[in-house]
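Okay, structure first, notes after.
The values are calculated or read from the model by the stated rules, or taken from the named source; none is laboratory data. Quantities reported herein were computed from a predicted structural model and do not represent experimental measurements. Quick reminder, even Gly has a Cβ in these numbers, built from the backbone with ideal geometry, and neighbours come from all protein chains shown.
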Amino acid sequence: MGDRIKLFVLVALLGFAAGIIAQLTADYAIPWLVTVMPQLVQIRFLMSGFAGACLTLALISIWAYITGSQER
């Protein structure tokens with residue numbers, strides 16, 4: 001039962017970190033991108049898809065590293 005709680009807490013912390021990253025991206029990165037590439041950024045679904053892909057890759061990489069084989 002202890003392992004399940006640890007995994008639950010880990011997933012909750014990763015979700016919390018994802019929320020912080022999403023907020024920072026919305027506050028700082030997106031306005032900067034609007035000034036650098038105004039035509040490309042106006043395609044809203046493209047930016048959302050790119051942000052989602054980056055966030056998913058980061059979270060999966062963290063999860064794979066944490067839950068990797070202990071035989072290193």
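Could you identify the single residue in Gly15, Gly49, Gly68 that is at negative phi and loosely packed, with under 10 Cβ neighbours inside 10 Å? Give the derivation first.
Working: Gly15 fails: loosely packed, with under 10 Cβ neighbours inside 10 Å; Gly49 fails: loosely packed, with under 10 Cβ neighbours inside 10 Å.
Checking each option against the conditions leaves just Gly68.
Scanning region 29-49 for residues that are out of contact with any helix residue (DSSP H, G or I) (no Cβ under 9 Å at 6 or more places or on another chain) and either outside any helix (DSSP H, G or I) or within 26 Å of Trp63 (Cα to Cα) (or both) yields Met37, Ile43, Ser48, Gly49.
Select, from Ala64, Ala22, Ala53, Ala26, the only residue that is touching a Leu at 6+ places or on another chain (Cβ under 9 Å), at pLDDT 75 or above and small (Gly, Ala, Ser). Break it down into steps so the answer makes sense when it comes.
Working: Ala64 fails: touching a Leu at 6+ places or on another chain (Cβ under 9 Å); Ala53 fails: touching a Leu at 6+ places or on another chain (Cβ under 9 Å); Ala26 fails: touching a Leu at 6+ places or on another chain (Cβ under 9 Å).
Result: Ala22 is the single residue among Ala64, Ala22, Ala53, Ala26 that is touching a Leu at 6+ places or on another chain (Cβ under 9 Å), at pLDDT 75 or above and small (Gly, Ala, Ser).
May I ask you to list the residues in region 1-12 that are modelled with pLDDT of 80 or more and exposed (fewer than 11 other Cβ atoms within 10 Å of the Cβ)? Hits for region 1-12 are Ile5, Lys6, Val9, Ala12. Right, Thr25: in a helix (DSSP H, G or I), polar (S, T, N, Q), in contact (Cβ under 8 Å) with a residue 12 or more places away in the chain and surrounded by 11 or more Cβ atoms within 10 Å (Cβ to Cβ) or not? Considered against the rule, which asks whether it is in a helix (DSSP H, G or I), polar (S, T, N, Q), in contact (Cβ under 8 Å) with a residue 12 or more places away in the chain and surrounded by 11 or more Cβ atoms within 10 Å (Cβ to Cβ), Thr25 comes out as yes. Set side by side, the residues Ala18, Ala26 differ, and just one is among the small types (Gly, Ala, Ser), within 18 Å of the chain's Cα centre (by Cα) and more than 27 Å from Asp3 (Cα to Cα), which is Ala26.
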